[in-house]
Amino acid sequence: MAETKPRDLAVLLLTLTVVTGVVDAVSFLGLGRVFVANMTGNVVFLGFAAAGETTLSVVASLTAVAAFLAGALAGGRLARAEEDHGALRKATAVQALLVAVAVVLSATLGSGTRLGSELLIVVLGVAMGLQNAAVRRIGAPDLTTTVLTMTLTGFAADSKAAGGEGSHPLRKVVAVAAMLAGAFAGGMLQLHVAMWAALTLALVLVVAVLAALQLDRSRNRTTADRDSG
């Protein structure tokens, strides 16, 4: 039996959008000007580095892209083996485990060594690739949890001022605000407390999403059992 749509799916996806802001703040500010979720930024950084910008690392950007692709590959296989929301639940469970590993790595190895930084980029890149693949399978409009370019484009291009229907303008604004809030919170913790503190915030948010998905699954099973009885 196919799983029903989780309650408050938009809220869960917005929470994952906050997570994206947090981890990209950590990676950009703490791991050498690299993104683990925003792959567009990494591709642009590779171009800048090739042009001679010495403050950017080709290795770090390539590592992030490769890790993200590995996570997306795993998430894609998972999405094809599960119902849409089952894939999101399982991908979020693995993501929570990976972010927990990142918390431990940041508290022990830290980012001061090349090994520590590269391990963190790999672990977080895989985690965000998983998230993106699972969310992509759901196909929620304007809630990709990572890419805001199309969300902002839709906000303007689909607005009544542009002759459109102006569909879901509030959701588009909230998606942008969620990313901004995550980047702000992650940046504050990364700059003024510690990397492990910022990653702990990301972990708490991912675990909260996982708990909500598990609860919704339990409710669906209870309802199905009652109806069949």
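Any read-out appearing in this document is the output of simple, stated calculations on the displayed coordinates, not a laboratory observation. What you see is a predicted model, and the numbers here were worked out from it, not measured in a lab. Here the Cβ positions follow ideal geometry from the backbone for every residue, glycine too, while neighbour counts run over all protein chains shown.
Here are some notes:
- Summary of packing: across the peptides 209-219, 24-34, 173-183, the per-residue average of other C-beta atoms within 10 Å ranks them, highest first, as 24-34, 173-183, 209-219.
- Sorting the segments 68-75, 131-138, 41-48, 120-127 by their residues' average number of neighbouring beta-carbon atoms within 10 angstrom, most packed first, yields 120-127, 131-138, 68-75, 41-48.
- Pair F184, A211: separation of 7 Å Cα→Cβ label points (nm): 2.4
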